[in-house]
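J.: This is the structure, below, for whatever I ask next.
Derivation of every value follows stated rules applied to the coordinates shown; laboratory data play no part. Model, not experiment: these values are computed from the prediction. Backbone-built Cβ (ideal geometry, glycine too); neighbour counts: all protein chains shown.
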Amino acid sequence: MRYLLLLLCICSQPVLAFQNQQQLYQFAAKTRLMFAVKSNFGANQNAFSGEIALHNDSKQALPKGEAPWRIYFHSIRKINTTLSAGLEISHIQGDLHQIKASKDFAGLAAGQSIRLEFSSAPWIVSYSDWMPRAFISSGKLKPAIFANTNTEDFSAFVEASTRPEQLLRFDQPSQDLYPVATAESRFAQNQHQQSSKKQNARWSVIPTPQQREDDDESITLGAGWQLFHQGRLKQEAVYLQQQLKAQFGLDLPLTSQPGPRQIQLVTSEDLPQAESYRLTAQPNQILLAGTDNAGGFYAVQTLLALLEKQGDSIQLPQTKISDWPRYRWRGMHYDMARNFHGKAVTLRLIEQMARYKLNKLHLHLTEDEGWRLEIPGLPELTDIGGSRCFDLTEQQCLLTQLGTGPDKSGSGNGYYSTADFIEILKYAAERHIEVIPEIDMPGHARAAVKAMQARYTKLKAKGQLEQAKQFLLSDPADQSVYLTVQNYNDNSVNVCLPSAYAFADKVLYELQQMYRQAGVRLNTFHMGGDEVGAGSWTASPACAALIAEADNGVSGVADLKPYFVSKVAMLAANRQLALGGWEDGLMYDAKTPFNRAQFANPAVIANVWDNIWEWGVADRAYRLANAGYQVVLSHGTHLYFDHPYEAHPDERGYYWAARFTDLAKVFGYMPDHLYANADKTREGQPIYDLEALLGRELPKLEQPDNILGIQGQIWSETIRTAEQLEQLLYPRLLALAERAWYQAEWESDEPDTAARNADYQRFSLALVQQELPRLHAAGVALYLPPPGAVRQNGLLLANSAWDGLTIEYSTDNGQSWQPYQEAVSVPAGPVQLRTSAQGRQSRVTQLD
């Protein structure tokens, strides 16, 4: 009987698929995991059906029935627990999902394939919605990435979408008016945007100066010239000296004595406002006069933009320029918290911002998926929060997300050391850029919450309970149930814990110390505050106790967010800091801002982003400004640079605010005419009367001085590499700079379309002829738009969205390329086309 029981025990154990590490590696190397959209059309107009396929080309079978192996994959769309082909798909956290075998699994033999069907919401129409680096684990073996998914080439792991139900969001054409861009549709669009007026971009400047008078003559700059500066402008003079040598090979000596044949950098009191400058270029003297150091620096940037190297000589026009900024806040927001891209790309961004006279860099340093700044005294924030890997306990790293895969060496991992950050601050200050640090709380804080939980566990095990609780951000007894829009149920800081404010003040202190070490002043602390999960704190004993207290202004859960903001605002005010926050973090509801009088800060700055017109909240910018907040226009429909350039599955980015945001759309944004930007709904329906769409009156702007300016945003969920980042940033950043600095004559409540198109042609020609070479020389990755093309009477006709780009075509499937100059006869069959500039090419488009 004893032997029979032993035999029964052995037989009841699950069959192991992988006996050793080599077998697991071989299976992952030879088995292809593929994602596909089956259809976005169905009974639920806000959902899609999808499929995950496993093609087992290895020699290793997956046995039938339950087994200890698990497959993990990243999906930005949450998949509810689903059984398909005997396999169970379930959601873990954020975008991380798993597949495991049920007792009904029939197995997957070598050479076989299996397809798992599921549904989710909303639709998927871009390949970048699928994340790379799916992997398989088994027991204590090291996880192995499916080799075909270990790439940034979506075609390797995403099945091509070709049918309407895969490419469009809705099954009724009247509901999705954004068809996929084709060579033919681009051709028509480019024709619509082009002006018949031919222009010359030589010696253009981006952003456009306010006043300019050119003579017909040019000036030659070279040996024998000197660089004179007033004492306070030494930093700007040294910068100019360095740039002249680096960009043009011209080494001009600095001098303290005025004289002939000089570039003179001085200050002047007769200029209209802060950051203003005047540039006067005459044959033997170039005068750069700034109202302050920033103005002098912008005069330097305009001079560098005007210089043109011709052989051994450097020329510029004889010109008089008087210039000043439209807005005092000309910003760029950069999220390196979702995916970290390194210090070098950050410094490169700062250099390009300075070149185009942008002056605020909003660094989104923390998120659910990562904490990206070393904080002395809290090493867990970066030891754990700075990396993602396969550790379900999250004692070594955060859960893997966003295509990072199972290893700490995967994409998106890393952080700025304190030394890195101080270097960044110094570099930005030398270029008159203020760095605004954002520590996102109380939502979007999972990295901090988990890091402090790990700290608590470690110190508690050592018997240091009080120290362990000092910076704890979560209530262990909290049973609140919520799910954020990014599919997290554990990312809210518990605002009822005193330790949450000890943590916030500790981070504030260390930030202020870093700024002091860099020799610059921390002026504004951005607390994020957006998208707090509905249901947070509803079942927290700590919050129940706080609500039960008297005289604290908290009568219920709805009071907890304003309570938190007031407490953090006071911590910032005690350090003489302005407070920044995203719009919804500063509002009770869709229409009601928090009482501005409750904050002691010198300024409370709201980044207003949610202008989805049909959602009815696009008037928040005016509501907040009228309520006494200072507003930075950060609108999703025009200023989110993580959105695709065009409606096409190959284009990277999310598309929740707008189906696409091309260069012309950013250029056409009118910050002084907010409601006039309401052109289309998310579905593409034209908006003729915004008040009629919303069914109510729109508030007017009563305090225009509270509109500080505009800011571009780039969020990095789909951006894993520096090249991907820069292709989404450039050249949209230049259009942002144009609108932040210069108000065009065509801007109005009823814009002059013809004048705007002519202005855009001027801008795009200057971009191609003047700025793309400069960006290329700076090592910046660029996006180029695919061309438009049609066949007419046997001839190929092609055009480009940007005037001046080279168009190339191929009739042999890309084996060879010919420059397109005018209508040309091509043989029957497919023609491939691309644009080209500075040795870079656009995505290839095909004309069938």
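J.: How high is the relative contact order of segment 9-167, in percent, counting Cα pairs under 8 Å that sit 6 or more residues apart?
T.: On the way: 378 pairs, mean separation 48.0, N = 159.
Here the relative contact order equals 30 percent.
J.: Next question, about the same structure. Give me the dipole magnitude in Debye, nearest 20, for segment 579-646 about the Cα centre, with unit charges on the beta carbon: positive for Lys and Arg, negative for Asp and Glu.
T.: 400
J.: Still on this structure, please answer the following. Determine the dipole magnitude for the chain: charges of +1 sit on the beta-carbon of Lys and Arg, -1 on that of Asp and Glu, nothing else is charged, the reference point is the Cα centre, and the result goes in debye to the nearest 20.
T.: 2240
J.: Of the listed peptides 454-465, 137-148, what is their order by residue-averaged count of other C-beta atoms within 10 Å, with the highest listed first?
T.: Working: 454-465: 14.6, 137-148: 18.1.
Highest-to-lowest ranking by the protection proxy: 137-148, 454-465.
J.: Work out the FRET efficiency for Arg328 and Ala545 from their Cβ-Cβ distance, taking R0 = 45 Å, and round it to the nearest 0.05. Don't jump to the answer; show the numbers that get you there.
T.: Numbers: r = 45 Å, r/R0 = 0.99.
Computed FRET efficiency for Arg328 and Ala545 comes out at 0.50.
J.: Taking the C-alpha atoms of the chain, how large are the radius of gyration and the largest Cα-Cα span, Dmax, in Å?
T.: Just the Cα atoms of the chain yield Rg and Dmax of 29.0, 110 Å.
J.: Pull up all non-local amide H partners of Thr806: gap of 5 or more, or a different chain, and H-to-H distance under 5 Å with H placed in the peptide plane.
T.: Under 5 Å from the amide H of Thr806: Ser836.
J.: Kindly express, to the nearest 10 degrees and within the range 0 to 90, the angle between helix 293-306's C-alpha long axis and the longest C-alpha principal axis of the chain.
T.: The angle comes out near 80 degrees.
J.: Ok, one more. Roughly how far apart, in whole Å, are the Cα centres of segment 320-386 and segment 569-619?
T.: 21
J.: Any chance you could give the angle, 0 to 90 degrees and rounded to 10, that helix 446-461 forms with the longest Cα principal axis of the chain?
T.: Roughly 50 degrees, rounded to the nearest 10.
J.: Can I ask one more? With a sphere of radius 14 Å drawn around the Cβ of Ser218, what net charge do the other residues whose Cβ falls strictly inside it have (Lys, Arg +1; Asp, Glu -1)? Spell out each step's value before the answer.
T.: On the way: positive: Arg202, Lys309; negative: Asp214, Asp215, Asp216, Glu217, Glu308.
Here the count lands on -3.
J.: Relative contact order for segment 211-323: what percent, with Cα pairs under 8 Å and sequence separation of 6 or more?
T.: After rounding, I find 34 percent.
J.: Tally the DSSP beta bridges in the chain and give the antiparallel ones as a percent, rounded to 5.
T.: On the way: 83 of 132 bridges.
The antiparallel fraction comes to roughly 65 percent.
J.: Report the residues of segment 439-474 in range of a label on Thr393: point 7 Å along Cα→C-beta, backbone N strictly under 17 Å from it.
T.: 450-463
J.: So who's got an amide H within less than 5 Å of the one on Ala67, skipping anything under 5 residues away but keeping other chains? H placed 1.01 Å off N, in plane.
T.: Residues meeting the criterion, in which the H sits 1.01 Å from N, are Ala101.
J.: So what's the angle, to the nearest 10 degrees on a 0 to 90 scale, between helix 753-766 and the longest Cα principal axis of the chain?
T.: Helix 753-766 sits roughly 90 degrees off the main axis of the chain.
J.: What is the distance in Å between the Cα centres of segment 92-127 and segment 705-777?
T.: 41
J.: Show which lysines lie in cross-link reach of Lys140 when reach means a straight Cα distance below 18 angstrom and same-chain residues fewer than eight apart are skipped.
T.: Excluding near neighbours in sequence, the set is Lys100, Lys408.
J.: Using the Karplus curve 6.51 cos²θ - 1.76 cosθ + 1.60 with θ = phi - 60°, what ³J(HN,Hα) values do you get for each residue of segment 577-586, in whole Hz, with x for Gly and Pro?
T.: So the Karplus estimates, Gly and Pro as x, are 10, 6, 10, x, x, 6, 3, 6, x, 10 Hz.
J.: Under the Karplus relation 6.51 cos²θ - 1.76 cosθ + 1.60, θ = phi - 60°, what is the ordered set of whole-Hz ³J(HN,Hα) values for segment 241-253, x standing for Gly and Pro?
T.: 4, 5, 5, 4, 6, 5, 8, 10, x, 9, 10, 9, x
J.: Could you list which residues have their amide H under 5 Å from that of Gln112, counting only those 5 or more apart in sequence or on another chain, with H placed in the peptide plane?
T.: Asn56
J.: Averaging sequence separations of C-alpha pairs under 8 Å and six or more residues apart, then dividing by the length of the chain, give the relative contact order as a whole percent.
T.: Values: 1886 pairs, mean separation 95.3, N = 848.
With pairs under 8 Å counted, the relative contact order is 11 percent.
J.: For segment 261-277, just list the computed ³J(HN,Hα) in residue order, Karplus coefficients 6.51, -1.76 and 1.60, θ = phi - 60°, integers in Hz, with x standing in for Gly and Pro.
T.: 6, 10, 8, 10, 10, 9, 9, 8, 9, 9, 9, x, 6, 4, 6, 7, 8
J.: Straight distance only, please: which lysines reach the Cα of Lys462 with their own Cα at less than 23 Å, same-chain residues fewer than 8 apart left out?
T.: Filter leaves Lys450, Lys506.
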